[in-house]
Amino acid sequence: MTEARRRRIEEVLRRRQPDLTVLLENVHKPHNLSAILRTCDAVGVLEAHAVNPTGGVPTYNETSGGSHKWVYLRVHPDTPSAFAHLRAQGFRVYATALREGALDYREVDYTRPVAVVLGAEKWGVSEEALALADGHIHIPMLGMVQSLNVSVAAAVILFEAQRQRLKAGLYEKPRLDPELYRKVLEDWLRK
Ligand code: SAM
């Protein structure tokens, strides 16, 4: 490990945002999962969450650009336990929903602890997750096609969160408590 590499790892870790995350509900295509983790890395998500109700372990491919090494992915057995875990950590949980009445995603305050639920490629977010969520958000669609690819939707929303957090100065000093920072640093230095 060179000194430059260690410095780079520490710089990135100082920008990680433990209170911004996504919950991927049955996003099962490896290229979508990989692309979302790559975006998570770029905006500073420390840990992403996934539920795969139809079974199977989430798999990555080269689309991740190696980001899966730097963004932890916690897999939950089902949607209610994922929500319970996020709520216990103080997150407000917003589900993406392609339906009337959902808030424009830019109306959410992403400087607060926020988790965004993204849904399966074919079916979207489940009714169960929609019912559990604190709010529903959508990206306005003005074309002929009703929805975006899930990884594109994740990027649009997460970069709005990044914009708000940059403005609020949340990338300027370490956000992880010292004990967690030490643990993650130890882990990253082994990679
Ligand atoms: N037929 C599905 C539906 O009605 O939800 C379409 C699913 S879409 C291809 C897959 C996921 O991408 C959605 O569950 C949502 O998480 C995200 N997504 C796609 N377009 C979106 C939009 N305009 N606003 C918010 N999320 C969107």
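The numbers here are math on the coordinates, done by the rules we state, and not lab data. If you're wondering where the values come from, they're calculated on a predicted model, not measured in any experiment. All Cβ positions, glycine included, derive from the backbone under ideal geometry; neighbour counts span all protein chains shown.
Computed from the Cα positions only, the extents of the stretch 107-191 along the three principal axes stand at 47, 28, 26 Å, in decreasing order.
Charge dipole of the stretch 50-111 (Cα centre as origin; +1 on each Lys and Arg Cβ, -1 on each Asp and Glu Cβ, all else neutral): 220 debye, rounded to the nearest 20. Treating r as the C-beta distance of residue 123 and residue 2 and R0 as 45 Å, the FRET efficiency rounds to 0.45. The lysine pair tally for the chain, using Cα distances under 26 Å and a gap of 8 or more places or different chains, is 9.
Rg over Rh for the chain works out to 0.96, using Cα positions for both radii and the Kirkwood form for Rh.
In the elastic network of the chain, a GNM with C-alpha springs shorter than 10 Å, the most mobile of 12, 145, 108 is 145. The base-10 log of I(q)/I(0) for the stretch 67-107, evaluated at q = 0.18, 0.31 Å⁻¹, reads -0.76, -1.00 [Debye formula, identical scatterers on Cα atoms, solvent excluded]. Answer with one residue from 130, 93, 154: the one whose Cα lies farthest towards the positive end of the charge dipole of the chain, charges on Cβ with Lys, Arg +1 and Asp, Glu -1. Result: 154, furthest along the dipole toward the positive end.
Given R₀ = 30 Å, FRET efficiency for residue 152-residue 87 by Cβ-Cβ distance, to 0.05?
Working: r = 28 Å, r/R0 = 0.92.
According to the calculation, E is roughly 0.60.
Under the classification rounded if a/c is under 1.5, otherwise prolate if a/b is larger than b/c and oblate if not, where does the stretch 6-90 fall, given a ≥ b ≥ c as square roots of the Cα gyration tensor eigenvalues? Oblate.
Taking only complete DSSP H runs, can you tell me which helices of the chain stretch 15 Å or more along their own long axis by Cα positions and average at least -0.5 on the Kyte-Doolittle scale?
30-43, 150-167
Rounded to two decimals, what ratio of Rg to Rh does the stretch 84-155 give with C-alpha atoms and a Kirkwood Rh?
Working: Rg = 12.2 Å, Rh = 12.8 Å.
Radius of gyration relative to Kirkwood radius: 0.95.
DSSP beta bridges in the chain, what fraction antiparallel, as a percent rounded to 5? Before the final figure, lay out the partial values.
Working: 1 of 24 bridges.
Given both bridge residues lie in the chain, the antiparallel proportion sits at roughly 5 percent.
Between residue 134 and residue 177, what's the calculated FRET efficiency when r is the beta-carbon distance and R0 is 35 Å? Round to 0.05. Could you put the intermediate results ahead of the total?
Values: r = 24 Å, r/R0 = 0.70.
Efficiency for this residue pair is about 0.90.
Subtracting the Cα-Cα distance of residue 12 and residue 69 from their residue separation scaled by 0.36 nm leaves 19.2 nm.
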